[in-house]
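None of the figures in this text is laboratory data; all of them are computed from the coordinates on show. Only a predicted model underlies this, so the values are computations on that prediction, with no experimental measurement involved. Here Cβ is always computed from backbone atoms with ideal geometry, including for glycine, and neighbour counts include all displayed protein chains.
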Amino acid sequence: MNVIFEPSLLFISDENWKDEEKQDLFLEHLINHLEMIDRFDICKVWWTDELQTILIGNPNMHPWYGSDLRNPIIVAISQKFYNRVDIISEADTECQVNPNLIITYTNQFANDHFLKLVHTLIEDGYNFYLCVGIENRLTSPNQYSFFCKCHQNTLNPILINSATNWFLYLDTISKKYFPTSIEDFDDKFKKAIEITVNCNFVNSVILYEYSFETEFKKSVVNTERNQTEILKNIAKRLTLTTPQAQADGSLQDKAYKGKQKKDLRRMRITQGTRVDYKLFESEKIIIFVKYFDEGDYDDSL
């Protein structure tokens, strides 16, 4: 499923552009969406040639003036946007939307062509994510409905009010980032952990810097079972203090005995699997050492 950008996400009026606070909020809102989509390779942005003409046509709308494009932030926005664009044809007529969208930008035709784009998706029966500008955000459980007189079906897209909303729909792709080789392990596994934290431990933050020893990487890439549990329990451990982790029944976190293993700890993944890690509490650093599959470890620490 792909995403459509409602025009007020991409265009801002001259009056609001001249207001520094409103300009900053507009740009932050837009670039946060683009960075999320790009970082996690979520989907393409459906777009049309007609909307493209409005974006680069004359007169332009901010932030797409030639003078705006001298700003490195606008250049970054432009690059990220065009890297994701997938051009499709628009319908001959506009569809309708309920509730109505608030138009704060100067060119009304942008809204008309946006509704023609959605009309094409009604014709084809394709649902989509809908990213909206600040003025068009809705509170849950409200949503937008798109419909027309020529088709019986109504589209109720998944509303993305802000970039963090994407995490509500990324849990299904966390396993997509589960590494299958040591070469791309760090990047993929850390993305999967970030998604897992935001999906399963809302309002929690990662408390530790963390890394992985080669032995851990080898032991993880070779397992096809318990991938979700590995991600969830490691993500949980990273968001808890050590006393909290020790008290958590699902983690069963405990230290090894003996001075030679003073930094080494073990945590539970499932009934029969464990992970060893090194904890350097004062530096707030965790190093994951090894994943033990069922029958691969001695639980007498």
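For the chain, modelled as a Gaussian network with Cα springs under 10 Å, which listed residue fluctuates most, Arg265, Arg237, Arg70?
Arg70
Please list, ordered by chain and number, the residues whose modelled amide H lies under 5 Å from the amide H of Gly57; skip anything fewer than 5 residues away on the same chain.
Under 5 Å from the amide H of Gly57: no residue qualifies.
Relative contact order of the chain: what whole-number percent is it, with Cα pairs under 8 angstrom and at least 6 residues apart?
Rounded, it is 14 percent for the chain.
For Lys262, give me every one of the aspartates and glutamates with a C-alpha distance below 12 angstrom, ignoring sequence neighbours fewer than eight places off in its own chain.
List returned: Glu281.
Any chance you could count the Lys pairs in segment 3-167 whose alpha carbons are under 23 Å apart, treating pairs 8 or more apart or on different chains as valid?
Close lysine pairs found across segment 3-167: 4.
Per DSSP H run of n ≥ 4, the term is -39500 (n - 2.57); total these for the chain, divide by its residue number, and report the mean residue ellipticity at 222 nm rounded to 500 deg cm²/dmol.
-11000 deg cm²/dmol
Give me the angle, in degrees from 0 to 90, between the Cα long axis of helix 72-84 and the longest principal axis of the Cα atoms of the chain, rounded to the nearest 10.
Result, in degrees: 90.
Size of the dipole of segment 3-167 about the Cα centre, Lys and Arg at +1 and Asp and Glu at -1 on the beta carbon, nothing else charged, in debye to 20?
The calculation lands at about 260 debye.
Can you list which of the GluC sites (Glu not before Pro) found in segment 220-301 are DSSP loop residues with at most 13 other C-beta atoms within 10 Å?
Listed in order of number, the matching sites are Glu224, Glu294.
Taking a spot 7 Å from the Cα of Glu35 along the direction of its beta carbon, which residues of segment 1-27 have an amide N less than 11 Å from it?
none
Run the numbers on segment 70-186 and let me know its relative contact order in percent, using alpha-carbon pairs under 8 Å that are six or more apart.
23
Residue by residue, what Karplus-based ³J(HN,Hα) values in Hz, rounded to whole numbers, does segment 229-236 have, using 6.51, -1.76 and 1.60 with θ = phi - 60° and x for Gly and Pro?
5, 4, 5, 5, 6, 5, 4, 4
Within 10 Å of each candidate Cβ there may be at most 13 other Cβ atoms; applying that plus a DSSP loop requirement, which GluC sites (Glu not before Pro) in segment 118-215 survive?
Filter output for segment 118-215: Glu183.
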